[in-house]
Amino acid sequence: MTNRSVAEGQPLPDEQSAGEGNDEAFAVLAEAVTSLMQPGNRPPTGSEIRLDMKRRTYGGFNPKALGYKRFRDFLDDAEAQGFVVIDRDRPGDVAVTIPGIRQASSQSSVIRRDLWKAFIDWNPAFVRYFAFDQNRAIVIPKVAAPLEPSRYATIRGRIKDEPENFCEIKPVSYNVQHQWMQEFTANVSEEKTRTLLQKSLESEKPAKMFAAVLRTLPSVQQAWYGKLRDGVDVYVQEWLASDARLADVEIYAPRTIESESAPGKHANHSVSESEKGLIEAASVLASNSMGISKNLAQFLLSSSGEKERGSSDLRSSLHAAIDRMPDEELRKIVIPVGYLFEA
């Protein structure tokens with residue numbers, strides 16, 4: 001443990017001795033490290049963790065106020081008390097992990113795209129199979145339709161005549177994925193973000209709105225994709241174990257695929273981006289007739305010290321969000337007709 005003191009040997013004013021009563025700070029540290037340890041990513045660095053802790057505490061985290069001269073001293077003390085494990089051998093900044101949690105290899109943790117699509121799309125109008133001779137998952141309509149592409153009829157015929165060449169894939173159901181969304185939302189530590197996600201899950205199309213809100217909050221989206229990948233991975237592993245023919249199937253893809261299948265991976269964790277993202281998320285909900293835009297915007301600005309200029313910030317964020325929205329979503333925005341004609 002490291003005690004910071006002045007030259008005369010007396011503790012600095014308003015600073016406690018390092019390690020005394022810091023369990024709350026260590027808990028925030030563990031939460032930050034856990035959220036940053038996503039499958040396929042390298043372990044988070046000390047700098048990344050410090051930024052995330054500041055974001056989680058709205059800038060309140062300060063190692064010196066806890067009695068440490070440097071953030072590194074805080075990490076050393078946390079390791080000594082069993083909260084984290086520090087990798088001091090990597091080049092540059094140290095890497096930090098949680099005891100007992102193994103960081104997955106980047107080359108063996110990302111589910112290949114064809115399998116990912118087959119397991120994650122719960123649409124009951126389709127059926128999914130793994131074709132051994134093609135070494136890929138295929139998704140086709142369950143029921144034949146007039147004028148459909150001939151390849152669908154060909155595949156159906158092969159599945160019927162050559163069952164040994166196919167293995168059915170049962171996707172993760174909507175109910176299970178919706179439960180994951182609820183669990184993820186309940187574990188979000190930031191009240192404002194949690195409220196937005198809860199509102200999205202109360203909408204008529206919760207999965208669609210949940211995804212729309214996450215697109216405005218990159219760092220939260222990154223954490224969600226981590227939970228989603230972990231959940232889907234369990235289903236894929238159970239599928240592998242269900243049929244001996246799948247023993248040699250490689251279910252993981254090179255890391256280059258991950259950046260395409262997991263948006264938000266390289267998220268910026270700055271507080272300012274988080275505030276703007278929250279306001280944009282509120283505008284997404286408002287544009288879908290959720291009827292909460294004014295109160296929610298006030299809620300988002302209430303603790304940021306931005307009340308006086310909140311109106312201009314909100315307008316700017318709404319303009320930016322609208323510029324990014326596709327025509328389909330723009331048509332859903334409810335605007336008093338007078339505003340469309342006033343000069």
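The values are calculated or read from the model by the stated rules, or taken from the named source; none is laboratory data. Just so we're clear, the structure is a prediction, and the values are computed from it rather than from any experiment. Every residue, glycine as well, gets a Cβ built from its backbone with ideal geometry; the counts of neighbours run over all protein chains shown. Ligands, DNA and RNA are excluded from the accessible area calculation, which covers all protein heavy atoms including side chains. Shrake-Rupley method; radii C 1.70, N 1.55, O 1.52, S 1.80 Å.
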- Task: Please specify each residue of the stretch 199-242 satisfying the condition of being in contact (Cβ under 8 Å) with a residue 60 or more places away in the chain, aromatic (Phe, Trp, Tyr) and touching a Leu at 6+ places or on another chain (Cβ under 8 Å).
- Result: TRP239
- Flagged in the stretch 159-175 as open to solvent by less than 60 Å² (accessible area, probe 1.4 Å) and touching a residue at least 24 places away in the same chain (Cβ under 8 Å), in numbering order, are ILE159, ASN165, PHE166, CYS167, ILE169, PRO171, VAL172, SER173
- Query: With (1) open to solvent by less than 70 Å² (accessible area, probe 1.4 Å); (2) over 22 Å from ASP230 (Cα atoms); (3) modelled with pLDDT of 90 or more as the list, and LYS64 as the residue in question, which single condition is left unmet?
  - Reply: (1)
- Within the stretch 210-236, how many residues turn out to be more than 13 Å from the chain's Cα centre (by Cα) and modelled with pLDDT of 90 or more? 3
- Message: I need every pair where a residue in the stretch 131-146 that is farther than 18 Å from GLU250 by Cα has its Cβ under 8 Å from the Cβ of a residue that is exposed (fewer than 11 other Cβ atoms within 10 Å of the Cβ) and not hydrophobic (A, V, I, L, M, F, W, C), sequence separation at least 6 or different chains.
- Response: LYS142/PRO124
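Considering only residues of the stretch 304-339 that are of a type in the set (Asp, Glu) and open to solvent by less than 60 Å² (accessible area, probe 1.4 Å), which is modelled with the lowest pLDDT? Before you say what the answer is, go through the steps one by one.
Initially, the stretch 304-339 is screened for residues of a type in the set (Asp, Glu), giving 306, 308, 313, 323, 327-329.
Restricting the remaining residues to those that are open to solvent by less than 60 Å² (accessible area, probe 1.4 Å) gives 306, 313, 329.
On the way: GLU306: 45, ASP313: 61, GLU329: 73.
Top of the filtered list is GLU306.
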- Message: Under 6 Å between Cβ atoms, which residue pairs at least 6 apart in sequence (or on different chains) link something in the stretch 76-95 that is modelled with pLDDT under 90 with a partner that is part of a loop (DSSP other than H, G, I, E, B) and of a type in the set (Lys, Arg)?
- Response: VAL94/ARG88
- Would you mind telling me which numbered condition in (1) surrounded by 14 or more Cβ atoms within 10 Å (Cβ to Cβ); (2) at pLDDT below 95; (3) not in a loop (DSSP other than H, G, I, E, B) ARG151 fails? (1)
- Note on the structure: Restricted to the stretch 179-193 and to residues being assigned to a helix (DSSP H, G or I) and modelled with pLDDT under 90, the residue most open to solvent (accessible area, probe 1.4 Å) is GLU191
- Is it the case that some residue within the stretch 125-143 is hydrophobic (A, V, I, L, M, F, W, C) and loosely packed, with under 12 Cβ neighbours inside 10 Å? yes
